[in-house]
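Novice: Structure incoming, see below.
The values are calculated or read from the model by the stated rules, or taken from the named source; none is laboratory data. Every value quoted in this text rests on a predicted model; they were computed, and no experiment measured them. Quick reminder, even Gly has a Cβ in these numbers, built from the backbone with ideal geometry, and neighbours come from all protein chains shown. Surface accessibility is based on the protein's heavy atoms, side chains included, excluding ligands, DNA and RNA. Shrake-Rupley method; radii C 1.70, N 1.55, O 1.52, S 1.80 Å.
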Amino acid sequence: MHVVAEDVEQSAKSDKKKKRSFWLEFPLLVVVSLLLALLIKSFVVQAFYIPSESMENTLLVNDRVLVNKLVYYTRDIERGDVVVFSGVDSWKGEVEIPEPSNPVAAALQWVGTVFGVVPGEKDYIKRVIGVPGDVVKCCDVKKRVTVNGVPLEEKDYLYPDDDPSDEPFEIKVPEGRLWVMGDHRSVSYDSRKHQGDPGGGTIPAEQVIGRAFVIVWPFSRATTIPIPETFSQPALEAAGVIGTQAPLLLGFTGAVPLVLWRRRRLLKRL
């Protein structure tokens, strides 16, 4: 009996030690989890909350998307990408977010932003329509947006019954910048509404945080966010290459006859 009682006593002490150990380790576990989340958020992938109607019906209010922050280290930003970018010192936020009333509220808001449960103060999500060198115009005779003269067929992702644009525009996208538009064109405060700003409404490519590639919440809407087929038109790419490389092509065109003429003269001398 003595041995059994001793075993019970040792077991009780062990249980108390385990409980005490758990409550001592729990804060550390929370801190480590937050640090890991911050590292992942900063360098790999980040969750974002959709606060406005500007990307409906592709993205709905309260959707959560994951944003790939590494993709643009391996390829350029492409037409049709849905991107999250920072509007700090540039565009005014589409949704006003009240300032935290105290340090605790500020900390909770920061944690919520990290995990994508509250929107960032100056983060936007739009679709890239034009990349550097593109001429983006609205509209052609069929009321379609054109890029380098090539019309975009946007019915697959535009909000039902929305026109591609309710106002005319034409811009050549400057180097290092992007022309972006929301899929719900009638309510989206996008590049069209910032044409009076420096850059003519375009945004700096360096302000892009990453590409939204999947909806993760709510589960009933979980799906990938692909690039629409219209942006794969060969004519669109060819027109873009010709437009951005025109000076180089003209240089080659002028240089070839000159080289051939010089070569003929040298052969005659021989």
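Novice: Hey, can you tell me all the residues within region 51-72 that are farther than 17 Å from VAL128 by Cβ and either out of contact with any Ser or Thr (no Cβ under 8 Å at 6 or more places or on another chain) or buried (at least 17 other Cβ atoms within 10 Å of the Cβ) (or both)?
Specialist: Within region 51-72, PRO51, SER52, GLU53, GLU56, ASN57, LEU60, ASN62, ASP63, ARG64, LEU66, LEU70 qualify.
Novice: Do we find that SER90 is surrounded by fewer than 18 Cβ atoms within 10 Å (Cβ to Cβ), under 20 Å from GLY176 (Cβ atoms) and either at pLDDT 60 or above or basic (Lys, Arg) (or both) in this structure?
Specialist: Answer is yes for this residue.
Novice: Tell me which of these ILE209 doesn't satisfy, since it passes every other one: (1) within 27 Å of GLN46 (Cβ to Cβ); (2) touching a helix residue (DSSP H, G or I) at 6+ places or on another chain (Cβ under 8 Å); (3) buried (at least 16 other Cβ atoms within 10 Å of the Cβ).
Specialist: (2)
Novice: Another question, then. Looking at ARG144, is it among the basic types (Lys, Arg), open to solvent by 30 Å² or more (accessible area, probe 1.4 Å), within 23 Å of ILE225 (Cβ to Cβ) and touching a residue at least 40 places away in the same chain (Cβ under 8 Å)?
Specialist: no
Novice: Just checking, does region 205-213 include any residue being at pLDDT 85 or above, among the β-branched types (Val, Ile, Thr) and touching a strand residue (DSSP E or B) at 6+ places or on another chain (Cβ under 7 Å)?
Specialist: Yes; the residues of region 205-213 include at least one that is at pLDDT 85 or above, among the β-branched types (Val, Ile, Thr) and touching a strand residue (DSSP E or B) at 6+ places or on another chain (Cβ under 7 Å).
Novice: Still on this structure, please answer the following. Quick one: TYR157 ticks every box in (1) touching an Asp or Glu at 6+ places or on another chain (Cβ under 6 Å); (2) modelled with pLDDT under 95 bar one, so which box is it?
Specialist: (2)
Novice: Taking the residues in region 217-226 that are under 16 Å from the mean Cα position of the chain (by Cα) and open to solvent by 50 Å² or more (accessible area, probe 1.4 Å) as candidates, determine which candidate is nearest to ASP81 (Cα to Cα).
Specialist: Ranking the qualifying residues of region 217-226, first place goes to PRO226.
Novice: Can you find even one residue in region 149-159 that is open to solvent by less than 10 Å² (accessible area, probe 1.4 Å), within 18 Å of PHE231 (Cβ to Cβ), in contact (Cβ under 8 Å) with a residue 40 or more places away in the chain and touching a strand residue (DSSP E or B) at 6+ places or on another chain (Cβ under 6 Å)?
Specialist: No; the residues of region 149-159 include none that is open to solvent by less than 10 Å² (accessible area, probe 1.4 Å), within 18 Å of PHE231 (Cβ to Cβ), in contact (Cβ under 8 Å) with a residue 40 or more places away in the chain and touching a strand residue (DSSP E or B) at 6+ places or on another chain (Cβ under 6 Å).
Novice: Among the listed residues VAL173, VAL141, VAL135, identify the single one that is modelled with pLDDT under 95 and aliphatic (A, V, I, L, M).
Specialist: VAL141
Novice: Continuing with this model, one more query. Among the residues of region 208-231, which ones are part of a helix (DSSP H, G or I) and in contact (Cβ under 8 Å) with a residue 40 or more places away in the chain?
Specialist: Passing the criteria: ARG221, GLU229, THR230, PHE231.
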